[in-house]
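First comes the structure, then the notes that go with it.
The values are calculated or read from the model by the stated rules, or taken from the named source; none is laboratory data. All of these numbers come straight from a predicted model, not from anything done at the bench. No Cβ is skipped: glycine too gets one built from the backbone with ideal geometry, and neighbour counts run over all protein chains shown. With ligands, DNA and RNA removed, areas are computed over all heavy atoms of the protein, side chains included. Shrake-Rupley method; radii C 1.70, N 1.55, O 1.52, S 1.80 Å.
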Amino acid sequence: TQTEAKLRRDNVQGKENANMTHYAVGKKVRDTIKDLGGTMPEDLPTPDKSIKQIEREQKKKLLKGE
């Protein structure tokens, strides 16, 4: 969301410029997380099931009337 806002705000044109903006924003966000002592995204726990898997299971349950 931060990258998208910056791309629009700065009217970034072209794929290469967009990629550089994306990289710069991502680096800044990661640096901020690190500076604040937060948990880096790669260190967050991963769920056993994806959202898509859970949605499919719920849809099946609804269809079966459970």
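Residues R8, R30 ordered from highest to lowest accessible area at a 1.4 Å probe: R8, R30. The calculated FRET efficiency for the pair K52 and A5, based on their C-beta separation and a Förster distance of 35 Å, comes to about 0.80.
Surface composition of region 2-64: carbon and sulfur make up 54 percent of the accessible area, probe 1.4 Å. Excluding ligands, DNA and RNA, the accessible surface per residue across the chain is 95 Å² with a 1.4 Å probe. Each residue of region 12-27 was assigned a 3J(HN,Hα) from its phi angle through the Karplus expression (A = 6.51, B = -1.76, C = 1.60, θ = phi - 60°), giving 5, 10, x, 5, 4, 5, 5, 5, 5, 5, 4, 4, 5, 5, x, 4 Hz with x at Gly and Pro.
Viscosity 1.567 mPa s, temperature 4 °C: Stokes-Einstein D of the chain from its Kirkwood Cα radius, in µm² per second? For these conditions, the coefficient is 85 µm²/s.
About the Cα centre of the chain, how large is the charge dipole given +1 on each Lys and Arg Cβ and -1 on each Asp and Glu Cβ? Please answer in debye to the nearest 20.
Details: 15 positive and 11 negative charges, 71 e Å.
It comes to approximately 340 debye.
Legend: residues M40, M20, sorted from most to least accessible area (1.4 Å probe; ligands, DNA and RNA excluded), read M20, M40.
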